[in-house]
Structure formats: C-alpha cells, structure tokens
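Participant: Take a look at this one; I'll ask things after.
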Amino acid sequence: MTWLEIEIFTTPAGVEPLSAALEEIGISGFVIKNPEDFEEFLAGKQGKWDLVDENLMHLREGQSSLKFYLPQGDDVQERLAQVDETVSRLRAQDKDGLYGPLDECVITNVEEESWQDSWKQYWKPTRVGKSLVVCPSWEEYAIAPGETVLRLDPGMAFGTGTHESTRLCMELAEQVVSGGERVLDLGCGSGILAITALLLGADSALGVDIDGVAVKTCTDNADLNGVEARADFRKGNLAAGVSGQFDLIFANIIADVILELVPDIPRLLAPGGVFITSGILCERAEEIGARLEGMGLNQLAKLEQGGWAALMYRK
C-alpha cells in the first residue's frame, strides 16, 4: 500500500494547536520535529547522554514541523481538502502570527514498509496506569511481578498507548474491569483497548472499525496476546449492525462522532454497564457529558491529560 506523507511547517507554539485541529478531523499519529526540544536534549535538560548519533544532528536545523500519513485511496483528495480547510481556519485565527505561515507543506509518496521502518525505532515499552505495559511486538521486555503486558504491532492502525486519549481509556479500564465482562470497542483501531480489557480478565470482546486494515491488525494483535479465542473484530460503521448488550463499551474516537454515537449507548449497555470514551478535547468534555447524562447515564470519572479528556459513565 502507498501512503501520502504530509509535513506541515509551523513554530514551537503552533505544534499543539495544529495537532489538535487535525485530531478534530480524525487525523492522528503525528511525527513532530521541534528544534528547540532537540537543543534542550543536547544541553542535558531532558537527561544526560554520553553519545548522540551524528545522524540525529540534522534535527537541530530548520523549522518545527508536524508530519502525518494518509492512505492513497479513493477519498484521499477529499481528506487533503479537509486538511487544507483546517489549516486555513487555524491560520485565520492566529492574528498575531505565533504559529508561523502554516502554508509550507511537503507531500511525499511513501511505501508501507518504509513508513513502518521510519517510526518503529522510536517506540519503546510504555507503562500505563498502575500495572499495564504496552510493549511493541519487536521489543524484548522482562515482565516484573504484578505487571500486565500487552504486546502490540499497530501497523497502520491508530492506537499505540502513547496518545493521551488511549492512555486515559486504559487507566479507566484498569479501574473497572474485575473479570467476566462482555466488551464492545467502537472504532477499535489497533485493538489496544479491547485486548487490554481481555488481559485484565474480561470474558469476551467485540471490536468494530470502518477500516479493514484496522480489523486485520486487531486480529493479529489478539493472536500476539493469546486472546484470539475471546476476541471478534469486524468491519462496520460503529454501532450500526451491533446487537446485544455489553458490560463495558469503549469509544476512543473524536467528539463529533461520539455525539452521533450517544443515542446507541443505552441500548448497547447492560444494566450497570460502563461506557468509557475519549478522543475529546477538554473544552468539549462538558458538551459530551451533558449528552450522556441526558440519555440517563451517570458520571463515574473524568480524567484529563495533555488537553484531552476521558469520561466514564454508568447505566
């Protein structure tokens, strides 16, 4: 598969608002280059290092930038138009020019294997919550007593456990999964949340994603973790076509899609069931919460990190 690599140049101040704006249209998985961060790294402000690879020294040059990938498909021109509209809107809002010109963009065709090799070297085991560890499938990891390790190869799907929204959902799952639950993961991405629940003791998990690549990735990751017999991943449009009731439902998507999904949650949640949702910018958490409460759900928890919020509600 061929992907488009899109790099947008900005300033250190513009990286966060630009990434947040792109997240709102469903784009994630960014590679961020910030020369100021690298200068701090070289100065020892982010830990002391005896040796820095000369191949990394180019990072101290040039502008800050944000890079992401889009699959070369029938809708790629539409997606590029969305990106252009989003960046133009952000530029119009930036009256003081703090975010740079936001009009310099490099688009490159990248083969899937090259894309994967470009980021795997940077992703290392990640600890989440009290005892969860997300470990790349290609990394060796010595499991400490009491740890629950999730082996993962996300491929081209969203969900590595490094993004705040995913981490917050995992932390909430760790609080409520006690064993035997039926789990539904809407927009399952790499399968990380469904598989996390199974490793914590859930009885079964159904994951649904509109992307067929994600569905295959989820299935492969279930195999990696030995939970394939209890996991079922399907291609579909979120809750459409899903029947039955579940003790735990995840929806780590974006705010607008969650709002569309809210009316389906009461019919899919078993009595006493829990709904965990994220992908929500903090300023929209109250809006989402009000809709959920309007459907008769009660808030159990709200976590925030890095400008993102995760909500947990009970039926």
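The values are calculated or read from the model by the stated rules, or taken from the named source; none is laboratory data. Please read all numbers here as calculations on a predicted model, not as lab measurements. Neighbour counts are summed over all protein chains in view; Cβ atoms, including those assigned to glycine, are modelled from backbone coordinates with ideal geometry. When the accessible area is computed, the model is the full protein with side chains, heavy atoms only, and any ligands, DNA or RNA have been set aside. Shrake-Rupley method; radii C 1.70, N 1.55, O 1.52, S 1.80 Å.
Participant: Can you tell me which residue in region 221-240 is least open to solvent (accessible area, probe 1.4 Å), limited to those that are in contact (Cβ under 8 Å) with a residue 24 or more places away in the chain and not hydrophobic (A, V, I, L, M, F, W, C)?
Facilitator: My answer is N221.
Participant: So, in region 223-269, exactly how many residues are part of a helix (DSSP H, G or I) and under 18 Å from L297 (Cβ atoms)? Spell out the reasoning first.
Facilitator: Of region 223-269, the ones part of a helix (DSSP H, G or I) are 223-224, 228-230, 255-268.
Those still in the list that are under 18 Å from L297 (Cβ atoms) too: 255, 257-268.
Looking only at that region, the number is 13.
Participant: Specify which of the listed residues (P145, P101, P154, P125) is modelled with pLDDT of 90 or more and not aromatic (F, W, Y). Spell out the reasoning first.
Facilitator: Numbers: P101 fails: modelled with pLDDT of 90 or more; P154 fails: modelled with pLDDT of 90 or more; P125 fails: modelled with pLDDT of 90 or more.
None of the other options fit; the residue is P145.
Participant: For V213, state whether it is open to solvent by 40 Å² or more (accessible area, probe 1.4 Å), among the β-branched types (V, I, T) and either in contact (Cβ under 8 Å) with a residue 24 or more places away in the chain or in contact with a Leu (Cβ under 9 Å, 6 or more places away or on another chain) (or both).
Facilitator: Details: open to solvent by 40 Å² or more (accessible area, probe 1.4 Å): yes; among the β-branched types (V, I, T): yes; either in contact (Cβ under 8 Å) with a residue 24 or more places away in the chain or in contact with a Leu (Cβ under 9 Å, 6 or more places away or on another chain) (or both): yes.
So V213 passes the test.
Participant: State yes or no: is Q175 open to solvent by 40 Å² or more (accessible area, probe 1.4 Å), in contact with a helix residue (DSSP H, G or I) (Cβ under 7 Å, 6 or more places away or on another chain) and touching a residue at least 60 places away in the same chain (Cβ under 8 Å)? Give the steps one after another, and end with the answer.
Facilitator: Values: open to solvent by 40 Å² or more (accessible area, probe 1.4 Å): yes; in contact with a helix residue (DSSP H, G or I) (Cβ under 7 Å, 6 or more places away or on another chain): no; touching a residue at least 60 places away in the same chain (Cβ under 8 Å): yes.
So Q175 does not fit the description; no.
Participant: Still on this structure, I have one more. Provide a single number: the residues in region 197-210 that are surrounded by fewer than 18 Cβ atoms within 10 Å (Cβ to Cβ) and of a type in the set (D, E).
Facilitator: Summing the residues that are surrounded by fewer than 18 Cβ atoms within 10 Å (Cβ to Cβ) and of a type in the set (D, E) in region 197-210 gives 1.
Participant: Of all residues in region 292-311, count the ones that are surrounded by fewer than 16 Cβ atoms within 10 Å (Cβ to Cβ), modelled with pLDDT under 95 and part of a strand (DSSP E or B).
Facilitator: Adding up the residues that qualify gives 1.
Participant: To continue, here is another question. Within region 180-196, identify whether any single residue is over 18 Å from M312 (Cβ atoms), of a type in the set (V, I, T) and either open to solvent by 20 Å² or more (accessible area, probe 1.4 Å) or outside any strand (DSSP E or B) (or both), and answer yes or no.
Facilitator: yes
Participant: Being of a type in the set (G, A, S) and surrounded by fewer than 20 Cβ atoms within 10 Å (Cβ to Cβ) is the filter here; which residues of region 256-284 pass it?
Facilitator: A270, G272
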